[in-house]
Every structure is written in C-alpha cells, then in structure tokens.
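Just below is one structure, and these are the notes that go with it.
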Protein chains: 2
Amino acid sequence: MREAARRLIARHGFAAVSMRKIAAEVGVQAGALYNYIPDKQTLLFEIMQAHMEELLTARAELDAPADPVQALEQFTRFHIRFHSNRPDEVFIAYMELRNLTPENFAAIEAMRRTYEDQLTEILVAGVAAGHFRLAEPRVTTMALIAMLTGVNTWFREEGRLSLDEVEGIYLDMVRRTVAA
Amino acid sequence: MREAARRLIARHGFAAVSMRKIAAEVGVQAGALYNYIPDKQTLLFEIMQAHMEELLTARAELDAPADPVQALEQFTRFHIRFHSNRPDEVFIAYMELRNLTPENFAAIEAMRRTYEDQLTEILVAGVAAGHFRLAEPRVTTMALIAMLTGVNTWFREEGRLSLDEVEGIYLDMVRRTVAA
DNA sequence: GTCTATATTGAGATAGAC
DNA sequence: GTCTATCTCAATATAGAC
C-alpha cells in the first residue's frame, strides 16, 4: 500500500491522489485502507519518515573515512547513489513538505538538518586541516547538496552516461568547489 | 487574480487550491473567475508561461558580455537575482510541471531548455577559448543551474548574508567548478 | 461583469454486514 | 480484514438573473 501510494503521489502529487485511487492500485476498496492508517496525512508522513530514516541509517553504516578529503568523496558518491536510486521518495520528500502538519513538518525537517550537518562537519574539518578553502560552510553545504540532488532531474538509467561516470564528474566538481 | 492564484498555488500546491479559494482571495465569487479563464488548467499554464517568458526576456535585455568569463559571471548573478526575486513563480515552475497537460508541458519545457542552452553555450565557448576546463558541458549546465536555483531554498532577506554577498559566494563556487 | 443557484462529480472517512 | 453503502463536504464548471 505504501509502495502504491509512493508511486502515485510522486507522479500526481499528494493532493491529487485520492484514497480511492490508492486502493484501486492495491486492488482493494477505499475503506480497507483505513485498517492500516488512521488518515491520509499519516500515510504521507510515514512515507517521508521512512525515507529520511533510511537515509540516516545508510549513512551511519558507512565505513569511517580516513580524512576530510575521503569523507567528502564518500559523502558525494553516497548522496548521488542513494538519491538516484529513489527518485520517487526524493521527489516527495522535497515537494510535499507543505502538505505536512506543522508537527510532522518539524520532524522531517529535523532529520534533513541532521543529514546536512554531516556535510557541514566534513567541510569544517577539511578547512581546519588545510585541505579545503571556503568562506561559508553552511552556504557551501546547501550549494553542494542542491547540485548533487539535481542529478535526479536529468539522469536516466538508459542514458549515455553510467551512474559511475556521473559520480566521477560530480565528484570532480565538488572537489574543485572546495579546493584549497 | 493571477497574483492571488500564484501565491496560493505556491503555498498549497495546484491541486489543493480551489477556484473558490482563489475567488475568495480576489474578493469575488468563484463563477466570476470564468470570465477571465476557460478553466483551471489554463490558469496554471499562463502563470508558468508568463514566468518563463519574463525569464527569457530579461536575459535578452542584458548587455552583451565581452568574453565567456564575463558571460559566466553575468549569467550567475542574473540567475540568482532573478530567481530569488520570484520564489513563488520558481517554486510553481518546478513543482507543478506534472499538473500540466502534455501540450502545455512541452511548451514550458521548450522554454526552459532554451534558457539552459544559453549557459551551455557560454561553457562551450569558454572551453574553446581556454578559459574553462570541463568534460561534459551539458552535465555542468545542469549541476550549476541546480546549485544556483537552490539559493531559493534557504535564502531569506532578513538573514545574515545580503543577496550581494550570496551572489559573490556562488560566483566563486561557479568559477572554481569550471576553472581551467 | 458579477451574482446566486445548481448540476455533477468525487473527495475523506465511517458503519456494519460478512 | 475486506466489502458495500453511505454521510458529509467540497470540487469544477455552467446557467441565467440583474
């Protein structure tokens, strides 16, 4: 059910997807969905929450990098790979924030902030160690994440470039952006 | 009316905004809106179309830059300034593409592609002149535009940094990304 | 050109049979 | 645990009075 909802919401938007359509996709009647969720809002929140938790968990499972330079490479490759593998979830996580209740919004935002802070810490450590040069770690964090997430807007599995090649190209741009 | 629709759609999403709410914002009844547009879809399309036309017109009115290096600076500053001045329109133009009919979608996409091509041309010319070094002009175009548009997700007029300062920081990152 | 009124459709959610 | 049936509300769009 959550899988069906994810696909439909990513394609049409949360407000445009009715419980009836989700039920039809699953192969049941609308009433049956309410055995699993109390309301539509909860469904959206759970999709976003699961996505953000997967993101933070997957990051936590990576090997500890030797230095900030390796940490930056690891972050870059991880971000591109994780997000390009989940276009629907990423789309929803960015587009449907406004459809969350204030409490649910705050919870998702806190997780996103936690993730962003990991890149900021890498940048600050790299500057301290003399590997990187940048004036505003927070601005650079937002700029790099926007750049990397942007891969999702154009990358296609069947395209000319493989994801490995794309990772390499973006890694080069990231390194230049912060190089000492 | 279009102004009211823009504000509401940016905040709640196209599907979540009813003609009644737009009418209430304007101060009339819902039926009266249909003297100005044939249907809701046309309203969305006209908002997006007007935005893209303004974008292309504003670009066309800029002075011709002396070389690719200046062209890149001009593009960067223009992009940040134009988009940060119109957060609602930018949000709608990126988020509501899926709510356009196929014909309307194609029209908006063509205009967006025209704009992107302008940056690609600057990059290619800069490479040819030996100012820039980059492997994939099209990938770099998408990466830079994503990075620059990302300013809208965090920049606030009341914040610590002025828009001028932000422009300078992003210009530095853009230059590094393509530097020979 | 805007109003009221309405036709028609579909939304979220619930009740109760099975 | 899923169904049918339904409550209540609100949606887009139109008709016709003024």
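Since every read-out is calculated from the coordinates, none of them should be taken as a lab result. Computed from a prediction, not measured in an experiment: that's the story for all the values here. Don't worry about glycine lacking a Cβ; one is built from the backbone with ideal geometry, like all the others, and counts go over all protein chains shown.
Say we join alpha carbon atoms closer than 10 Å with springs in a Gaussian network model of chain A; which of A:135, A:110, A:143 then has the biggest fluctuation?
Taking springs between Cα atoms under 10 Å, the residue moving most is A:135.
What are the distances, in nm and sorted shortest first, from the label point of residue A:36 to the label points of the same position in each other copy, with each label point placed 7 Å from Cα along the Cα-to-Cβ direction?
For residue A:36, the inter-copy label distances come out at 4.3 nm.
Given the Cα atoms of the stretch B:41-135, and with Rh set as the inverse mean 1/r over their pairs in the Kirkwood sense, what is Rg to Rh to two decimals?
1.04
Report the dimensions of chain A along its three principal axes from the alpha-carbon atoms, largest first, rounded to Å.
Largest to smallest, the principal-axis extents are 60, 40, 26 Å.
What percent of all Cα-Cα pairs in the stretch B:85-180 falls into each 5 Å bin, going from 0 up to the bin containing the maximum distance?
2, 11, 18, 19, 18, 15, 11, 5, 1
Among rounded, prolate and oblate, which fits the protein assembly as shown when a ≥ b ≥ c are the square roots of the eigenvalues of its C-alpha gyration tensor, a/c under 1.5 means rounded, and a/b larger than b/c means prolate?
Cα axes put the protein assembly as shown in the oblate bin.
Residues with amide H under 5 Å of residue A:179's amide H, sequence separation 5 or more or different chain, H placed in the peptide plane at 1.01 Å from N; which?
For residue A:179, the qualifying residues are A:133.
Can you give the local net charge around residue B:176? Use residues other than it whose beta-carbon is closer than 12 angstrom to its beta-carbon, Lys and Arg +1, Asp and Glu -1.
For residues surrounding residue B:176, the net value is +3.
By a straight-distance test (C-alpha under 18 Å), which lysines pair with residue A:40 as possible cross-link partners, with residues fewer than eight away in the same chain excluded?
A:21
Helix-only estimate, please: 222 nm mean residue ellipticity of the protein assembly as shown, summing -39500 (n - 2.57) across DSSP H runs of length 4 or more and dividing by its residues, to the nearest 500.
That comes out to -23000 deg cm²/dmol.
Please report the relative contact order for the stretch A:1-131, taking Cα pairs under 8 Å with a sequence separation of at least 6, and give it as a percent rounded to a whole number.
32
Would you be so kind as to identify which of B:79, B:32, B:168 lies farthest towards the positive end of the dipole of chain B, taking Lys and Arg as +1 and Asp and Glu as -1 on Cβ and the Cα centre as origin?
B:32
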